[in-house]
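Participant: Can you keep this structure in mind? I'll have questions shortly.
The values are calculated or read from the model by the stated rules, or taken from the named source; none is laboratory data. These numbers were taken from a predicted model, which means no experiment stands behind them. In this analysis, Cβ positions are derived from the backbone assuming ideal geometry, glycine residues included, and neighbour counts consider all displayed protein chains.
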Amino acid sequence: MGTPVKVVDGGGGLGTMVKAALPAVPGVNQLPGVRKTGKDLPPLELRREDVAVTRSEVDRYAAVCGFPRKDVAPVPYLHMLAFPLHMALMTDASFPFPAIGSVHLENSITQHRPVAIGETVSLSLKAADLRASTKGRAWDMNVTATVGDEVVWESVSTYLRVGKGDPEAEPGSTFAQVQAKGPVWSVPENIGRTYGAVSGDRNPIHLYPLTAKVLGFPRHIAHGMWSKARCIAALENRFPDAVNVSVAFKKPIFLPGKVQFGAEQNPAGWDFTLVNPKNGAPHLVGRTTAL
């Protein structure tokens, strides 16, 4: 028998976030239909079929993340189309961890070719490689996007569930150290809400100080994938059509705030970083590699 396949629509919004949050609420998380019953990653493939890449939605995303208006989607745009798959799997009863409280550690995107406005893509997601981490347990969410039979885009999102760590576990990806000598960007107080409106990711830690405090943050924070997109927007005109962009997320960006960008060219592409301009603490480190 093959891997079970589940087709997901583009739904989400408040109902999805409530479903994501309930397994993290003590007491409520033991109720039937809420309690997490899985011990391992479910052998399940989730799919979205024939999703249109539209001018209006790409333009909304581009405006929030700093991309110019083009006839192709920005490199990280298809992550937004895959986000309902991430949420559908992590809110499934068979998934072992609550979605809320799972930490996005790393993200790697491989664009095999640009996806044009007006094209239709299909996306599939599988979870893989549940493993020990120095800070708990980590796993990957692997996405493949196709146009017809052609693979045009892939991503790997690595998540962490904080818990008893293993000091002997393999560390995550390593990146070159880059000095942030570039522009300082002001990150507005509402960036979590505006990015959430275009991406569908309305995790409460990104929305308001009060909703973030409920989940243990002193105030709300920017989305990691917004910070990655903003860095890509600063470099995208130097990319080839076929490229990999990989990042590790470090310290959160508290809102409102300021961040400083830095990038250095290497033989295969670019190394880049986003830091706190006051103390140099990294928010994100990454690299691009031409394919």
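Participant: Residues of segment 204-262 being touching a Cys at 6+ places or on another chain (Cβ under 7 Å) and either farther than 20 Å from Ser102 by Cα or at pLDDT below 95 (or both), which ones? Spell out how you get there, then give the answer.
Facilitator: Of all residues in segment 204-262, those touching a Cys at 6+ places or on another chain (Cβ under 7 Å) come to 226, 229-230, 233, 261.
Selection gives Ala229, Arg230, Ala233, Phe261.
Participant: Condition test on Leu210, is it assigned to a strand (DSSP E or B) and farther than 30 Å from Asp71 by Cα?
Facilitator: no
Participant: For the condition touching a residue at least 24 places away in the same chain (Cβ under 8 Å), under 21 Å from Gly66 (Cβ atoms) and in a loop (DSSP other than H, G, I, E, B), what is the one hit in Val178, Val198? Break it down into steps so the answer makes sense when it comes.
Facilitator: Details: Val198 fails: in a loop (DSSP other than H, G, I, E, B).
Exactly one of Val178, Val198 is touching a residue at least 24 places away in the same chain (Cβ under 8 Å), under 21 Å from Gly66 (Cβ atoms) and in a loop (DSSP other than H, G, I, E, B), namely Val178.
Participant: Run down Gly165, Gly192 and say which single residue is surrounded by 11 or more Cβ atoms within 10 Å (Cβ to Cβ), among the small types (Gly, Ala, Ser) and part of a loop (DSSP other than H, G, I, E, B). Give the steps one after another, and end with the answer.
Facilitator: Details: Gly192 fails: part of a loop (DSSP other than H, G, I, E, B).
The match here is Gly165.
Participant: Glu170 - would you say it is under 30 Å from Glu264 (Cα atoms), in contact (Cβ under 8 Å) with a residue 40 or more places away in the chain and charged (D, E, K, R)? If you could, list the steps in order and put the result at the bottom.
Facilitator: Values: under 30 Å from Glu264 (Cα atoms): yes; in contact (Cβ under 8 Å) with a residue 40 or more places away in the chain: no; charged (D, E, K, R): yes.
Against the criterion (under 30 Å from Glu264 (Cα atoms), in contact (Cβ under 8 Å) with a residue 40 or more places away in the chain and charged (D, E, K, R)), Glu170 does not qualify.
Participant: Let me ask you something else. Does Arg55 satisfy the criteria of being within 20 Å of Phe239 (Cα to Cα), surrounded by fewer than 18 Cβ atoms within 10 Å (Cβ to Cβ) and modelled with pLDDT of 95 or more? Steps first, please.
Facilitator: Working: within 20 Å of Phe239 (Cα to Cα): no; surrounded by fewer than 18 Cβ atoms within 10 Å (Cβ to Cβ): yes; modelled with pLDDT of 95 or more: yes.
The answer is no for Arg55.
Participant: Being out of contact with any Phe, Trp or Tyr (no Cβ under 9 Å at 6 or more places or on another chain), among the aliphatic types (A, V, I, L, M) and either closer than 24 Å to Lys251 by Cα or modelled with pLDDT of 95 or more (or both) narrows it down to one of Leu130, Leu125, Leu105, Leu89, so name that one.
Facilitator: Numbers: Leu130 fails: out of contact with any Phe, Trp or Tyr (no Cβ under 9 Å at 6 or more places or on another chain); Leu105 fails: out of contact with any Phe, Trp or Tyr (no Cβ under 9 Å at 6 or more places or on another chain); Leu89 fails: out of contact with any Phe, Trp or Tyr (no Cβ under 9 Å at 6 or more places or on another chain).
Of Leu130, Leu125, Leu105, Leu89, the one residue that is out of contact with any Phe, Trp or Tyr (no Cβ under 9 Å at 6 or more places or on another chain), among the aliphatic types (A, V, I, L, M) and either closer than 24 Å to Lys251 by Cα or modelled with pLDDT of 95 or more (or both) is Leu125.
Participant: Just one of (1) surrounded by fewer than 22 Cβ atoms within 10 Å (Cβ to Cβ); (2) under 19 Å from Phe249 (Cβ atoms); (3) in contact with a Ser or Thr (Cβ under 9 Å, 6 or more places away or on another chain) trips up Arg137, so point out which.
Facilitator: Failed condition: (3).
Participant: Can we say Ala93 is over 23 Å from His283 (Cβ atoms), of a type outside the set (D, E, K, R) and out of contact with any strand residue (DSSP E or B) (no Cβ under 6 Å at 6 or more places or on another chain)?
Facilitator: yes
Participant: Look at Val214 and say whether it is surrounded by fewer than 14 Cβ atoms within 10 Å (Cβ to Cβ) and free of Cβ contacts under 8 Å to residues at least 40 places away in the same chain.
Facilitator: Yes, satisfied.
Participant: Assess whether Leu85 counts as being over 14 Å from the mean Cα position of the chain (by Cα), buried (at least 21 other Cβ atoms within 10 Å of the Cβ) and more than 21 Å from Cys231 (Cβ to Cβ). Don't jump to the end; show me each part of the working.
Facilitator: Details: over 14 Å from the mean Cα position of the chain (by Cα): no; buried (at least 21 other Cβ atoms within 10 Å of the Cβ): yes; more than 21 Å from Cys231 (Cβ to Cβ): yes.
For Leu85, the condition - over 14 Å from the mean Cα position of the chain (by Cα), buried (at least 21 other Cβ atoms within 10 Å of the Cβ) and more than 21 Å from Cys231 (Cβ to Cβ) - is not met.
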